[in-house]
Structure formats: structure tokens, C-alpha cells
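What follows is a set of notes on a single structure, which appears directly below.
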Amino acid sequence: MDRPIPSDTVEQWMTHLRLQRTRARDMIWLIETGATLHDGHKGEPMHDATGRWLAEQKEVVAEVDRLIALYDNVNA
């Protein structure tokens, strides 16, 4: 089913995606320069979650890049 979506709504989505990509890239940079993340309970670290976070953030960047390319191709 095709439904028109107002362009300002689409632009808000795109802005949100770009912000998500920027946040993910920042997290990737932090991890690659030595930051670590730990899952924990009541303030006590249980295990290192850095690798999982890094993989998730790289996936976010890849997915947003794919969606932006799709958007750019539609609007070219």
C-alpha cells in the first residue's frame, strides 16, 4: 500500500538516523581508543561488554549508511 508521507516527517527521520550514526561513531571511537564497558548488577561489573557494544555500534553505522543511501537514491 502506497501512502504519501509528508517530506518534513521524512526529514525528521533522516535527522534522527544521522544523529544515531554520529552517536554510534562516537562510541566506536571511544572503544577503539581504550574505553571499556561492563555489564553489571548493583554497580558491580559482572563481565566485559566492550566487544558486544563495538559490534552493535558498527552494525548501527552500517544500517544507517544503507538507509541513507536508499534515501539518496530515491531523491536523486
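The values are calculated or read from the model by the stated rules, or taken from the named source; none is laboratory data. Everything numeric here is computed off the predicted structure, so don't read it as measured data. Counting neighbours? That spans all protein chains shown, and the Cβs are built from the backbone with ideal geometry, glycine included. The accessibility values were calculated without ligands, DNA or RNA, using every heavy atom of the protein model including side chains. Shrake-Rupley method; radii C 1.70, N 1.55, O 1.52, S 1.80 Å.
Around Asp26, with a cut-off of 14 angstrom between Cβ atoms, what is the net charge of the other residues, counting Lys and Arg +1 and Asp and Glu -1? Mind dumping the intermediate values first?
Details: positive: Arg18, Arg21, Arg23, Arg25, Lys58; negative: Glu32, Glu56.
Summing Lys and Arg as +1 and Asp and Glu as -1 gives +3.
Over the chain, what per residue volume does the convex hull of the Cα atoms give, in whole Å³? Each step should come with its number before you reach the end.
On the way: hull volume 10.7 nm³, N = 76.
Hull volume over Cα atoms, normalised by residue count, gives 141 Å³.
Put simply, when 31-39, 56-64 are sorted by average Cβ atoms within 10 angstrom per residue, most first, you get 56-64, 31-39.
The phi torsions of the stretch 9-23, fed into the Karplus equation with coefficients 6.51, -1.76 and 1.60 and a -60° offset, translate into couplings of 5, 4, 5, 5, 4, 5, 4, 4, 4, 5, 5, 4, 5, 4, 5 Hz, rounded to whole numbers, with Gly and Pro shown as x.
Roughly what angle does helix 50-74 make with the longest principal axis of the chain, taking Cα atoms, 0 to 90 degrees, to the nearest 10? Helix 50-74 and the main axis of the chain meet at about 10 degrees. Full extension of the segment from Ala62 to Arg3, taken as 0.36 nm per residue of separation minus the current Cα-Cα distance, would add 18.5 nm.
How high is the relative contact order of the chain, in percent, with contacts defined as C-alpha pairs under 8 Å that are six or more residues apart?
31 percent
Net length available on complete extension from Lys42 to Glu11 is 7.1 nm, with 0.36 nm assigned per residue and the Cα-Cα distance removed. About its Cα centre, the chain has a charge dipole of approximately 40 debye under the convention of +1 per Lys or Arg Cβ and -1 per Asp or Glu Cβ, with nothing else charged. Taking all protein chains into account, the per residue accessible area for the stretch 7-75 stands at 74 Å² (1.4 Å probe).
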